[in-house]
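Data block below; observations after.
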Amino acid sequence: MPSPHAASCTTSMFLALLIAAPCAAGNAEAALAHVPPQAISFVIIPDLARAGADLSETLARMNRPETSVLGKPVEQLKGWLGVGEGFDERGSVIAYSTAIADAKAGEPQAEWTLLLPASDPKALAASLGMDADGALTFMGQPAFAAIGASHVIVSESADLAKGHDAKGGSAASFMKLVGDDLRVRVDEAELLAWSGPVALGHAKAMGEQAATLAEQRAAEQGMPTGGFAGRTEDLQRLSNAFLGSLEHGILLVDIDALGLALRPIAVLAPEGTLAKAFAAGESGPAPFSHLPKASLYGALSIDVRAVGGGAALKALAAAIDPSGAVLPAWLLDAADRVDGVQLGAYPSKLGVMAGGLLNDSSLVVVTKDPAGVEAVFKEHLMQMGGVTGGLKLTPGWEDARALKDGTTASAFELKPEPVADDGQAQEAAASAMQMLATQAIFGNRGMHGFARVGNGGLIVTYSQRLDVLTRATDAQAGRGATLADDAVVKSMMQWMVAKPDVVGFLGVGQLFKAARQIAGSFGGGADMLPAVPSRAEPIGMAIDVRDGRIEGAVVVPTVVLAAMVEFVADQGDAAERDGAMPTPADGDAPPPADGEPEP
């Protein structure tokens, strides 16, 4: 494992680059030309000068005094790195790592090198405190430096600093990995990061070592081995399935007045779990084209056929959890008949505690055999009876219930009741929390709803309200506007991936509004949640699965970033106030409450 000092220094450098990234973008190829081909990973800010109006507008839209300190991120970067005269604010910052030859297990496997842009390399080296032999203290750690034509090269190794030679750079190889269709995203990015096979192998080994070490220490100290400390095998399996499936990992970071965009790209190892599970297939219905248009808690669209069909779903679920707890059991059993899944959850007029988060939701399973999928759903539901987690669950199913509008639908329920048997008192003690969780999700009746066979899909609602079922049925049949027609959804999808197979939106504003309702029903805690406007744009996520690679995007709107900044700042202020409160000495009377007279 790398030493704590080396890991700390590397982490600090990455954070420093990330905070300065909003001022970056520009000539990526010129910056990549400084990265030698033997590098195993890098983080680059292509151009510090391009602070641009985007950053200023982003901070202005946040409208928070806490963000004013970020108004000059280059100055922050200079302060963190300890640089002064000679630093080129129009240059590029490049950090890369190289493998240590013949490194033994348990020892550092790589060394870092940092290129600092210099308008006057000698002056910059002097401001860093570089000795005649190149030695210096950098970010609190011993390091070495050398003077280059446009940069000062700093490294933990004297040989790497003095012998830095880009040897033609890494622009061509990186652009080939990214692909022509994403070249524009590279040019837009404020920060580029890449890890190759060697670095990913190091990360995989470090994660597995950390899990093993945690388990050993827990046993030595007589601590519980649950959670992280007791899941070494699970963590190793996940590490093999995911990190072990990657040949290259790329991250592009873009920030502007609209928000933050993260664009991960995974190039898959041909023999890895992910490459075997996923295979690009024929595209199905457009994302969210079967869901009602309305403000939302969240929405998810999975084009199962486009990512390799039901076999891909089952393989991915098995890789994450062999017990099959990742996806509903009925959906896994029906996976070979499923072409897609679309789920939308919307705020309900009944409120969260009465109706639950899913009261107005719509689930559509896109399939050529909706009756067969419904039969699988029914079979699994009827097998869910019994006692679990302190609750007695009683399933029920009614075929073809007649509804007020003259139509029919299957009605189902899974009624929860607290366990009353004294012999199960320990489980009964937990039933209150289980009931609250069930109520928050499904309402005070527990899981219940309608299932209806449509043309090309099974429609499921988690309430037995006719208006909810009617909206869901109309959307699935293409009658009227759908969530795919929503202006915000359409706009945000343009900033994600070109041909998404998986798309998700999280309505943070509506979710926190619901969370405040839940907290308020218990007499407090609502003020501890971030104050995200209920009409805030959602966080968006999208994934495109292609043969041999996965491209993704996460978009966080500025209004959500602003709320997070405000929340963190308020928590810091509260902690500072709590720390400053005087503690009465033994024997002293506590201060009087507001409105009470002095004793």
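The values are calculated or read from the model by the stated rules, or taken from the named source; none is laboratory data. Computed from a predicted model, the values in this text were never measured in an experiment. Glycine also receives a Cβ, built like all others from the backbone with ideal geometry; neighbour counts cover every protein chain displayed.
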Exercise. Taking only the stretch 369-384 into account, find how many residues are in contact with a helix residue (DSSP H, G or I) (Cβ under 9 Å, 6 or more places away or on another chain), without any contact (Cβ under 8 Å) to a residue 40 or more places away in the chain and assigned to a helix (DSSP H, G or I).
Key: 1
Exercise. Given the conditions (1) over 22 Å from ASP321 (Cβ atoms); (2) at pLDDT 90 or above; (3) crowded, with 18+ Cβ neighbours inside 10 Å, report the number of the one that ALA266 does not fulfil.
Key: (1)
Quiz item: Restricted to the stretch 506-548, and to residues that are within 28 Å of ALA280 (Cβ to Cβ) and more than 19 Å from the chain's Cα centre (by Cα), which residue is modelled with the lowest pLDDT?
Solution: ASP547
Quiz item: If you check every pair at least six apart or on different chains, which have Cβ atoms under 7 Å apart with a residue in the stretch 156-176 that is in contact (Cβ under 8 Å) with a residue 60 or more places away in the chain first and a residue that is in a helix (DSSP H, G or I) second?
Solution: GLU156/ALA6; GLY169/LEU32; SER170/LEU32; ALA171/GLU29; ALA171/LEU32; PHE174/LEU32; MET175/ARG183
Self-check item: Matching residues in the stretch 363-407 - criterion: being hydroxyl-bearing (Ser, Thr, Tyr) and either within 34 Å of the chain's Cα centre (by Cα) or closer than 29 Å to SER283 by Cα (or both)
Solution: THR367, THR388
Self-check item: Some residue of the stretch 313-325 being at pLDDT 95 or above and part of a loop (DSSP other than H, G, I, E, B)
Solution: no
Quiz item: Looking at this structure, is LEU350 closer than 30 Å to GLY244 by Cβ and part of a loop (DSSP other than H, G, I, E, B)?
Solution: no
Quiz item: Within the stretch 116-136, is there a residue that is surrounded by 20 or more Cβ atoms within 10 Å (Cβ to Cβ), in a strand (DSSP E or B), free of Cβ contacts under 8 Å to residues at least 40 places away in the same chain and assigned by TED's automatic domain parsing to the domain that holds LEU81?
Solution: yes
Practice problem: Name the single residue, out of those in the stretch 157-185 being under 16 Å from PHE42 (Cβ atoms) and within 29 Å of the chain's Cα centre (by Cα), that is surrounded by the fewest Cβ atoms within 10 Å (Cβ to Cβ). | Solution: LYS176
Practice problem: Tell me which residues, restricted to the stretch 385-404, are modelled with pLDDT of 95 or more and not in a strand (DSSP E or B). | Solution: LEU403, LYS404
Quiz item: (1) outside any loop (DSSP other than H, G, I, E, B); (2) of a type outside the set (Lys, Arg); (3) touching a residue at least 60 places away in the same chain (Cβ under 8 Å): which one isn't true of TRP495, the others all being true?
Solution: (1)
Practice problem: Mind telling me which of the residues ALA432, ALA420 ends up being in a loop (DSSP other than H, G, I, E, B), at pLDDT below 90 and of a type outside the set (Val, Ile, Thr)? | Solution: ALA420
Quiz item: Inside the stretch 296-328, can you point out the residues that are over 24 Å from the mean Cα position of the chain (by Cα) and closer than 30 Å to ASP467 by Cβ?
Solution: none
Exercise. Return the total of residues in the stretch 365-390 being under 14 Å from ALA409 (Cβ atoms) and β-branched (Val, Ile, Thr).
Key: 0
Quiz item: Would you say LEU363 is farther than 19 Å from LEU436 by Cα, aliphatic (A, V, I, L, M), touching a residue at least 24 places away in the same chain (Cβ under 8 Å) and part of a helix (DSSP H, G or I)?
Solution: no
Quiz prompt | Filter result (part of a loop (DSSP other than H, G, I, E, B) and more than 15 Å from VAL152 (Cβ to Cβ)) within the stretch 91-101 | solution = ILE100, ALA101
Quiz item: When the stretch 84-126 is examined, which residues are found to be farther than 21 Å from GLU190 by Cα, touching a Leu at 6+ places or on another chain (Cβ under 7 Å) and among the aliphatic types (A, V, I, L, M)?
Solution: LEU124
Self-check item: All positions within the stretch 269-304 that are modelled with pLDDT under 90, assigned to a loop (DSSP other than H, G, I, E, B) and not hydrophobic (A, V, I, L, M, F, W, C)
Solution: GLU271, GLY272, GLY281, GLU282, SER283, GLY284
